[in-house]
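The values are calculated or read from the model by the stated rules, or taken from the named source; none is laboratory data. All of these numbers come straight from a predicted model, not from anything done at the bench. Here the Cβ positions follow ideal geometry from the backbone for every residue, glycine too, while neighbour counts run over all protein chains shown. For the accessible areas, the whole protein counts, side chains as well, though only heavy atoms, and no ligand, DNA or RNA atoms are used. Shrake-Rupley method; radii C 1.70, N 1.55, O 1.52, S 1.80 Å.
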Amino acid sequence: MYDILIKNARIADGTGNPMYHADVAVKDGIIARIGKGLGEAAHVIDGTGKVLSPGFIDVHSHHDMGLERNFGCTNSLEQGITTIVGGMCGESPAPISRDHLEDCLRVCGREHSGESREARMDMGDYLRFVDRPTGANMAYLVGHGNLRASVVGYADRKLTPGELAAVEALLRRCLKAGARGLSFGLIYPPGSYADTDELTALARVTAEMGGVVTVHMRSENTRLIEATDEMLRVARASGVRMVISHHKATGGPMNWNKTAATLSLMDHAVEEGCDIFCDQYPYTASATGLSTNIPQSMHVLGVDKLVEMLSTKEGREELRPKICGTKTPRERFRYTMIGNSKSHPEYAGRMLNDIADELGVDPYELQCDLLRDDRLSTGGIFHTMSEEDVVRVMRWPRAMFGTDGLYVPGAPGGHPRAFGTFPRVLGRYVREQKVITLENAIRKMCSLPAMVYNLPTKGLIREGMDADLVLFDPMTVGDRADYAHPREKNRGLEYVLVGGKIAVRDNVCTGVLAGRQLAARAD
């Protein structure tokens, strides 16, 4: 007697090979049998006309930063994600240090309990602190920003040999404790203060310990090609497996099509023996904090000082040329949408220039008001990418998918990628536009990320593998979320299983928490 038997489905097994018809039997959280006439089960699911795939792996998420407020992982499960890789863009929940506590909290946030803050002093302690059932499985990288802030705070300078040795030692402890690799966030202080030598040294440590490095590069717009070249030099010098995060060309038409050059550079590196990959989200708008408009060098002043500058006429006039440059405010913010604002939740999903027109104010002044009132936490959405670049990256054989998402229940606004990334690929780009085949899309969502992040029991429909599975209708699967309504539920997801338990039925979470923490030491 099996626990669950899925009958008559077409199997997209995760390899990219052609689909085939079979039944799949699940027992004790494992795929027990694949074939026909498998016997009886406590729960039988009719998969006629549906596709059964391995559970999707979100290879680039910020869910870990809000995990303690969303252990259910509902937004992930309801798009078929059964495993989440967090700790991206140089920011992870741990470690932090008492010596530079305020700077560390600027990296990982302050909205957590005292008990959580104490656990965050050590990566191993934190992984034990969150070692409880979750909606989806969770795996972690350690953020370079955490490491640097723990040792030298927000110091904008080259590390001394002793400081670099301290950062390396802390990285080793985090990798031994269960982190699967290291992430760089090179537009975010304090990680952005590191030079190439520092990045190479830390990548070398990560390679020695079998980890992966991901990188939000120094530029994704005017200097995208140069930023890609820098990271490929780091990969060559260190030998590390590297993933270029949310690979794209932003900033408007003057930067579009640069992905043709960057992917060529990456192909050449692979031909030379480098292990290079990338991930992407299937949208033409990016998202990050409006505080990135403030020059990186000024973040050493701290939140209080920057908020003080934003609160005075003199401070704003000092910042204006640094933020607007030679552009008028309308030109500078022509692509900017408000993603979320604690002080003005009603602005979520609206273009900044439109709000300024409605209020009769200078867009630059409105931006300053929001950053002041939100203490630099205002989220922005930036409509600066081209569909051609999205498609080009998606077709690259070593590209994977990630939401780049963070969802905290009750928080206003957000980017639809946190809710609709994977169904959007299957609906818009596979079924409607035929950019890639369904089998290849499933490979990019399942076996490829499982290999890259060393998740040996995930990503394939094979006997003995974990029973993380998605049953969907290929004719209807798709996303509904948009920028005005970023939390609309998807369609076409019949069932999502995590560890052999039904976590989603008919596009809606069941409330089952069958996920676990996937610390590297446990595999």
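Mind checking which lysines have their C-alpha under 25 Å from Lys313, skipping anything on the same chain fewer than 8 residues away?
Cα-Cα hits under 25 Å: Lys305, Lys322, Lys327, Lys342.
Would you mind pulling out the separation of the Cα centroids of segment 186-227 and segment 92-141, in Å?
22 Å
Ranked from highest to lowest mean number of other Cβ atoms within 10 Å per residue, what is the order of the peptides 128-137, 306-315, 292-301? Can you show the working numbers first?
Working: 128-137: 19.7, 306-315: 14.8, 292-301: 16.5.
Taking the mean over residues of other Cβ atoms within 10 Å, the ranking is 128-137, 292-301, 306-315.
Can you put Phe56, Phe382 in order of accessible area, largest first, using a 1.4 Å probe?
Numbers: Phe56 0, Phe382 35 Å².
Ranked list, largest accessible area first: Phe382, Phe56.
Taking a virtual spin label 7 Å from the Cα of Asp131 along the C-beta vector, which residues in segment 494-523 bring their backbone nitrogen under 20 Å of it?
499, 513-523
Put one equal scatterer on each alpha carbon of segment 123-240, apply the Debye formula with no solvent term, and list log10 I(q)/I(0) at q = 0.09, 0.16, 0.22 1/Å to two decimals.
Per q value, in the given order, log10 I(q)/I(0) is -0.25, -0.75, -1.27.
Given a 1.4 Å probe and the protein chains all in place, what does the accessible area of Val470 round to, in Å² to the nearest 10?
My reading of the accessible area for Val470 is about 0 Å².
At 7 Å along the Cα-to-beta-carbon direction for both Ala261 and Lys322, put a label point, then send me their distance in nm to one decimal.
2.9 nm
If you place +1 on the Cβ of every Lys and Arg, -1 on the Cβ of every Asp and Glu, and leave all else neutral, what size is the dipole of the chain about its Cα centre, to the nearest 20 Debye?
The calculation lands at about 680 debye.
For the charge dipole of segment 103-256, defined by +1 on Lys and Arg C-beta atoms and -1 on Asp and Glu C-beta atoms about the Cα centroid, which residue among Ser150, Val240, Gly135 has the Cα displaced farthest towards the positive pole?
The residue sitting farthest along the positive end of the dipole is Gly135.
Over the chain, what is the mean sequence separation of C-alpha contacts under 8 Å (at least six apart), divided by residue count, expressed as relative contact order in percent?
Worked out over the chain, it gives 22 percent.
For Asp473 and Arg375, FRET efficiency with R0 = 35 Å and r from the beta-carbon atoms, rounded to 0.05?
Once the sixth-power term is evaluated, E becomes 0.20.
Leaving out same-chain residues fewer than 8 places away, which aspartates and glutamates sit with a Cα under 18 Å from that of Lys158?
Cα-Cα hits under 18 Å: Asp103, Glu168, Asp195, Asp197, Glu198, Glu230.
Using the Kirkwood radius built from alpha carbon pairs, what does the Stokes-Einstein equation give as D for segment 80-136 at 10 °C and 1.306 mPa s, in µm² per second?
130 µm²/s
Given H placed 1.01 Å from N in the peptide plane, which residues other than close sequence neighbours of Ile11 have an amide H under 5 Å from its amide H?
Sorted by chain and number, the residues that satisfy this are Tyr20, His21, Ala22, Leu52.
Two decimals is fine: what is log10 I(q)/I(0) at q = 0.11, 0.24 Å⁻¹ for segment 25-135, from a Debye sum with one equal scatterer on every Cα and no solvent?
Taking Cα atoms of segment 25-135 as identical point scatterers yields -0.51, -1.41.
From largest accessible area down, sort Trp396, Trp256; use a 1.4 Å probe on the protein chains.
Result of the area sort, largest leading: Trp256, Trp396.
Holding the Cα-Cα limit at 19 Å, pick out from Lys27/Lys444; Lys36/Lys458; Lys7/Lys501; Lys7/Lys36; Lys7/Lys489; Lys27/Lys458 the pairs that are longer than that.
Lys27/Lys444; Lys36/Lys458; Lys7/Lys489
Provide the FRET efficiency to the nearest 0.05 for the Glu387-Asp482 pair, computing r from the beta carbons and using R0 = 22 Å.
The calculated FRET efficiency here is 0.90.
Starting from a Cα-only point model with no solvent, please compute log10 I(q)/I(0) by Debye for the chain at q = 0.09, 0.12 1/Å.
For the chain at q = 0.09, 0.12 Å⁻¹, log10 I(q)/I(0) is -0.62, -1.11.
Quote the accessible area belonging to Glu317 in square angstrom, nearest 10, computed with a 1.4 Å probe and with ligands, DNA and RNA left uncounted.
Accessible area, nearest 10 Å²: 90 Å².
Quick check: residue separation of Lys305 and Arg98 times 0.36 nm, minus the Cα distance between them. What number comes out in nm? Intermediate values should be presented prior to the final figure.
Details: separation 207, 0.36 × 207 = 74.52 nm, distance 2.15 nm.
Roughly 72.4 nm would be gained on extension.
When the C-alpha atoms of segment 260-353 are aligned to their principal axes, what extent does each axis show, in angstrom, from largest down?
55, 30, 26
How far apart, in nm, are two points set 7 Å out from the Cα along the Cα-to-Cβ line at Ala237 and at Glu346?
Spacing of the two 7 Å Cα→Cβ label points: 5.3 nm.
Roughly what would the spin-label model give for Leu359 and Glu432, points 7 Å off Cα along C-beta, in nm?
3.4 nm
Output needed for segment 369-523: three equivalent-ellipsoid semi-axes, defined as square roots of 5 times the C-alpha gyration tensor eigenvalues, in descending order, whole Å. List each step's numbers first, then the result.
On the way: eigenvalues 147, 88, 62 Å².
Each semi-axis is √(5λ); the values are 27, 21, 18 Å.
Among His216, His43, what's the order by accessible area (1.4 angstrom probe), most exposed first?
His43, His216
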